[in-house]
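J.: Here's a structure for you.
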Amino acid sequence: MRPSWVLAMGKSRIGGNIDFSMGEAPAFIVDDLPTGFPSGFDFKSKGCTTATVIGNKAYLIGGGHDESSTVGVQIFDQTRGELICRVNPTVLGTQPKPCKGPKGHSAVLLNENRILIIKKGSTPDDCIWFLEVDTQYVREQRKILGTEVVAWSKGARGDAEKPIVISGPSGVGKGTLISMLMKEFPSMFGFSVSHTTRAPRVMEKDGVHYHFTERSAMEREIKDGKFLEFASVHGNLYGTSVEAVEVVADAGKRCILDIDVQGARSVRASSLDAIFIFVCPPSMEELEKRLRARGTETEEQILKRLRNAQAEIEQGQSSAIFDYILYNDHLEECHENLKKLLGLDGNVTASPKSSPKGVELPMDLSISKIDQKVIIKCESPEPETASKNLIVLDLSSLKGGAPGRTRGLDVYAIDSFSDGLSGFNQPT
Ligand code: ADP
Ligand code: 5GP
């Protein structure tokens, strides 16, 4: 039988998937090469697990079996006439590690612009990934980089709460206010740990206060699209990685970013929907007093920070970046005002959000897609879960995407059914 994707590629140009782990590859390699296809290319031995056809392109996904590598992507492109070119695209976003075991993953084409990847036998937090092939982000990056681009995005359940961006001149008290908020509501907020090229202060810990990094390494990661924003501040490079914000949301917490006005402007222009707060000092004299009293900067650095403060305050107060301006005169009062604008001044319960129970995916599974739901049938369920051998991925409320997570995924197990889809039960 001719694999459906070769038919799709040569003739009708619709999308489809082929799963090489199901034994379909040899037929494809030996019998069904369309004109111009690189003969003798053995997808299976190269570890490619699936091919998904979208229009004139086939996306081969898989390869890389050792723990340290990532799942590979190659594109076979028939756009220019009959000749099919093999392209190694620029791969952006956080890339998945290869699946354990020989079965690899399954692929499902969604909306012609992204491919859902289901890693077999993976842990609940690592089993759902999206390979974006023609989303807005991918199209933008293709234009910027001038190469073929694909981007990975990890699937995450539920929604993330709006992050809070806090800006203000150095020494105004941002760090102090953030510490007070996090101390009072430890399970509610998480801090976005920025990268910086400045040297650590005496009490600062790498990975806690900042990721202290070399300029060349940070510039390389910026080029690789790993940063949500970055800016040169007081002579050093500072930046927020996409991952810094996502790990806070993964922990079910609301992310707080302490970044300068340039960074806030970049985040405002990005797809991240956040609340923007600017913290003002009561006067320049008081700001200088606080900076000196903190005792963490040299005289030269203090003067540089004070020089920059004036422009930052003007921008913070006049630009349309910020939703709120807070005056930090009396610390306790400012802390109360911050809580008020975040809706935390009443009887707020600070209990942790319970994370949904994970559903582990088996090695053997088959997949079907019905509207916005993907049904995963476990072929050899464990005896104790045998009555719950169907897993549903509800994709109807997806949000976000590369270079960050794709959120809003709903995953639940349902009872097996005997009379088709009418047998669906309530999510458990
Ligand atoms: P930032 O993070 O904005 O650079 P910090 O939080 O480090 O500023 O605060 C600078 C210094 O000012 C610290 O020593 C802090 O204890 C002090 N401070 C913060 N807020 C107040 C305030 N309202 N009144 C007096 N001192 C303050
Ligand atoms: P400090 O050196 O005092 O820790 O920070 C100096 C300035 O850098 C502060 O205004 C702080 O808000 C800003 N900053 C810290 N992290 C980031 C970041 O990731 N991005 C940007 N744009 N600014 C940052």
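J.: Greater than 30 Å separation of Cα atoms is the criterion. Which listed pairs, Lys223/Lys399; Lys253/Lys304; Lys119/Lys183, meet it?
T.: Long pairs (Cα-Cα over 30 Å): Lys253/Lys304; Lys119/Lys183.
J.: With a ≥ b ≥ c taken as the square roots of the eigenvalues of the C-alpha gyration tensor of the range 125-250, please select rounded if a/c is under 1.5 and otherwise prolate if a/b is larger than b/c or oblate if it is not?
T.: Here the range 125-250 falls in the oblate category.
J.: Determine, from the Cβ-Cβ distance of Cys85 and Glu184 and an R0 of 45 Å, the FRET efficiency 1/(1 + (r/R0)^6), rounded to the nearest 0.05.
T.: Taking R0 as 45 Å, the efficiency between Cys85 and Glu184 is 0.20.
J.: Here's another thing I want to ask about it. Per residue, what volume in Å³ does the convex hull of the Cα atoms of the range 164-341 enclose?
T.: Hull volume over Cα atoms, normalised by residue count, gives 117 Å³.
J.: Could I ask something else about it? Which of Leu395, Leu109 has the fewest other C-beta atoms within 10 Å, and how do the rest follow up to the most?
T.: Going from least to most buried by this count: Leu109, Leu395.
J.: Can you give me the Cα centroid spacing of the range 87-119 and the range 195-271 in angstrom?
T.: 27 Å
J.: Given Lys162/Lys369; Lys174/Lys339; Lys120/Lys162; Lys154/Lys226; Lys57/Lys226, which pairs have Cα atoms separated by over 21 Å?
T.: Distance filter (> 21 Å) returns Lys162/Lys369; Lys120/Lys162; Lys57/Lys226.
J.: Next up: In terms of modelled amide H atoms, which long-range or inter-chain residues lie less than 5 Å from the amide H of Phe191?
T.: Ile256
J.: Pairs of alpha-carbon atoms within less than 8 angstrom and 6+ residues apart define the contacts here; what relative contact order does the range 164-341 have, in percent?
T.: Rounded, it is 33 percent for the range 164-341.
Every number in this text was worked out from the coordinates using simple rules, so none of it is lab data. All values derive from a computational prediction rather than experimental measurement. As a convention, Cβ positions derive from the backbone with ideal geometry for all residues, glycine included, and neighbour counts pool all protein chains shown.
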